[in-house]
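Student: Just passing along the structure, written as structure tokens.
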Amino acid sequence: MIPEERVVFDNGSHQNILLEDFGHGEMVQSNVHLIVDGGEGIILDPGGHKVFKHLLAEIGGLIGVDNLKYIFLSHQDPDIVAAINGWLMTTRATAIAPVLWIRFIPHFGVDRLVINRIKGIGDDGAIIKLGNSDLYIIPAHFMHAPGNFQIYDPVSKILYSGDLGASLGQDYTYVENFDDHIQYMEGFHKRYIPSNKILKAWVKMARQLDIEIIAPQHGAIMKGKDIVNRFFDWLEDLPCGIDLMEDIYRVPSSYFEG
Ligand code: FE
């Protein structure tokens, strides 16, 4: 039985589940999500070796390992891709990732036997079928990776935003007070997102979607249209990356001290 807090949406035939957080120690806290429709599943950004076997067992208990249809890799970071070989070896799923990273992902150690089950999606994104539902793989390039996708699920109206909206250090699962929550998101966005221009362009697309919930890969979930709109407003006005670091390219003058 999954705790209610981790069932983000359930209408009987379609479920959106936040899987248990098995990551501890030095790893950055990461959310791994599962979408199920008609018994078929897609796992989002499954992470590294230490969480792999626990997540695989949880998927087995929820839908059966053979019913995992897709493994979604939003971008190339190790907190997303590191255990991909294990996932491909133990399931029948197809992994989908930005085409930009297809030649780099094999460096995580992918066996020849399964390499052809990693499929690249072009920059424009695509729609995929899961059970009887459609999932939109939408472009989120440069946020932060230059090849980056998010998933919009029109049934649950959840946008899985990957690193966008990531927060670190708060002790709650759902954002209650947006103003208070900004402090946990600010540092990451200012340093990892290259410019405000790219945020404005993304918000313009995202505002066209009917979104009730934004579920990032790290930290708290933003629930309710009011908080979703507050998030968009905040992003539109946020200076980041090169807006703040114009003076970054200087030849160093001091020694590394370890
Ligand atoms: Fe990342």
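The values are calculated or read from the model by the stated rules, or taken from the named source; none is laboratory data. Computed from a predicted structure; not experimentally measured. As a convention, Cβ positions derive from the backbone with ideal geometry for all residues, glycine included, and neighbour counts pool all protein chains shown. SASA here: full protein model, heavy atoms, side chains in, ligands and nucleic acids out. Shrake-Rupley method; radii C 1.70, N 1.55, O 1.52, S 1.80 Å.
Student: Based on Cα coordinates alone, diagonalise the gyration tensor for the stretch 1-115, multiply each eigenvalue by 5, take square roots, and list the semi-axes in whole Å, largest first.
Tutor: 23, 16, 12
Student: On the principal axes of its Cα set, how long, how wide and how thick is the stretch 4-245? Give whole Å, largest value first.
Tutor: So the extents along the principal axes, rounded to whole Å, are 46, 39, 36.
Student: Please state the shape class of the stretch 134-180: rounded when a/c is under 1.5, otherwise prolate if a/b exceeds b/c and oblate if not, all from the C-alpha gyration tensor.
Tutor: Oblate, because a/c is 1.5 or more while a/b does not exceed b/c.
Student: What is the sum of charges around Asp79, taking Lys and Arg as +1, Asp and Glu as -1, for the other residues whose C-beta is under 12 Å from the C-beta of Asp79?
Tutor: Summing Lys and Arg as +1 and Asp and Glu as -1 gives -3.
Student: Just to confirm the filter: which GluC sites (Glu not before Pro) across the stretch 191-258 are DSSP coil and have at most 13 other Cβ within 10 angstrom of their Cβ?
Tutor: Glu246, Glu257
Student: Hey, if we sort Asp163, Asp123 by accessible area with the 1.4 Å probe, largest down, what's the order?
Tutor: Per-residue accessible area, sorted high to low, gives Asp123, Asp163.
Student: How many percent of the accessible area of the stretch 4-245 is carbon or sulfur, using a 1.4 Å probe?
Tutor: With neighbouring chains kept in place, the figure for the stretch 4-245 is 52 percent.
Student: Now a separate question. Could you point to the residue in Gly60, Ile17, Ile214 farthest towards the positive end of the stretch 4-245's charge dipole, with +1 and -1 charges on the Cβ of Lys/Arg and Asp/Glu respectively?
Tutor: Of the candidates, Gly60 comes out farthest on the positive side.
Student: Can you check what the net charge comes to around Phe149, using other residues whose Cβ is under 12 Å from the Cβ of Phe149 (Lys, Arg +1; Asp, Glu -1)?
Tutor: Its environment carries a net charge of -4.
Student: Per residue, what accessible area does the chain have, given a 1.4 Å probe and all protein chains present, in Å²?
Tutor: Dividing the accessible area of the chain by its residue count gives 50 Å².
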